[in-house]
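Inspection log for the structure reproduced underneath, given as structure tokens.
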Amino acid sequence: FVVFIAFSAQAQTMQVKGRYLYTAAGEKVVLRGVNEMFIWSKDKSGKNILPEIAKTGANSTRLVWTTMGDPATLDSLLFNCIQNKMIPIVELHDATGNWDKFQLCLDYWKRSDVKAVMDKHHKWVLLNIANEVGKVTPNDTFRTRYIDAVIQLRSAGYKVPLMIDAANWGQDENNITATWQEIVKADELKNTLFSVHTYWAKDAQKRLDVLVKKVVADTIPLLFAEAPQPKVGPNCS
């Protein structure tokens, strides 16, 4: 069944309400899909790859991009993703594990040509600010940096949902559980969600159980944007 939430006539983007994501029309969405490294692909626009991903039943694709990406190609990539009935989650990979390049990502998003592309697809696109920024990061630093990032992007005119990865290569769930309320409070649109990448080498099941219980109890808008496959990726056995 489909759950409908009444939004105002002003709703033109996807919306975060409580711990759930909804379309502009008020349909609850449970994201399921894959990550694809389009920026390093021979098929950067996804013309051939995205139809194949859609065959899996995915309703979204996390589109790996960088600040070297051409906005015109990004436009085609978002278009092709939506045409294949999938929600595009576009992220920048430049600052992976490195806070020093975080502002580089924000400056890319704020470019007029990039924003024009994102605005063109505003009804469906999710903006994943930056992939896995920073190594082990104190919660105070994480909070301060992302409050500033959200303010910068809202000041630039973005209305789409903003997605924030945990630090320590996306793995530190405590970054999010300790700071999410203050970050959302700083978002004038209250349209922010968070992601954890569960490449956990130890106590993975225990950590997952504790996190899921907290997400439900505290109504945290969180998703798992990356997860390991057996014998694939770091920390996987």
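Values computed for the structure shown
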quantity: Euclidean distance of C-alpha centroids, the range 127-160 and the range 36-78, integer Å; calculated: 23 Å
quantity: The chain, helix-only ellipticity at 222 nm - DSSP H runs n ≥ 4, -39,500 (n - 2.57), divided by all residues, nearest 500; calculated: -11000 deg cm²/dmol
quantity: The range 129-221 - accessible surface per residue (Å², probe 1.4 Å); calculated: 44 Å²
quantity: Heavy-atom accessible surface of the chain: percent carbon and sulfur, 1.4 Å; calculated: 53 percent
quantity: Amide hydrogen neighbours beyond the local backbone of I164, cut-off 5 Å, H modeled; calculated: L193, F194, S195
quantity: ³J(HN,Hα) computed for each position of the range 60-75 - Karplus, 6.51 cos²θ - 1.76 cosθ + 1.60, integer Hz, glycine/proline x; calculated: 7, 9, 8, 9, 6, 9, 9, 6, 8, x, 6, x, 5, 6, 4, 4
quantity: Value of D in µm² per second that Stokes-Einstein yields for the chain, Kirkwood Rh from Cα pairs, at 25 °C (0.890 mPa s); calculated: 136 µm²/s
quantity: Peptides ranked, highest mean first, by Cβ atoms within 10 Å: ranges 115-123, 140-148, 220-228, 84-92; calculated: 84-92, 220-228, 140-148, 115-123
quantity: Using alpha carbons only: equivalent-ellipsoid semi-axes of the range 133-237, gyration tensor based, whole Å; calculated: 25, 14, 12
quantity: Under 5 Å, built H, 5+ apart or other chain: amide partners of N35; calculated: R62
quantity: Karplus 3J(HN,Hα) series, Hz, for the range 129-144 with 6.51 cos²θ - 1.76 cosθ + 1.60 (x for Gly, Pro); calculated: 3, 6, 6, 6, 5, x, 7, 4, 10, x, 4, 4, 5, 4, 4, 4
quantity: In sequence order, calculated HN-Hα J values of the range 41-56 (Karplus, 6.51, -1.76, 1.60; Hz; x Gly/Pro); calculated: 8, 6, 10, 4, 7, x, 4, 9, 6, 4, x, 5, 4, 4, 5, 6
quantity: Local electrostatic count, T137, Cβ distance below 13 Å [Lys/Arg +1, Asp/Glu -1]; calculated: -3
quantity: Most to least accessible of W99, W169 (protein chains only, probe 1.4 Å); calculated: W169, W99
quantity: Greater than 27 Å apart at Cα, pairs in K55/K101; K185/K206; K28/K202; K44/K115; calculated: K55/K101; K185/K206; K28/K202
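The values are calculated or read from the model by the stated rules, or taken from the named source; none is laboratory data. Predicted model only: the values in this text are computed from it and were never measured. Note: ideal-geometry Cβ built from the backbone for every residue, glycine included; neighbour counts use all protein chains shown. These area figures cover heavy atoms from the full protein model, side chains too; ligands, DNA and RNA do not enter into them. Shrake-Rupley method; radii C 1.70, N 1.55, O 1.52, S 1.80 Å.
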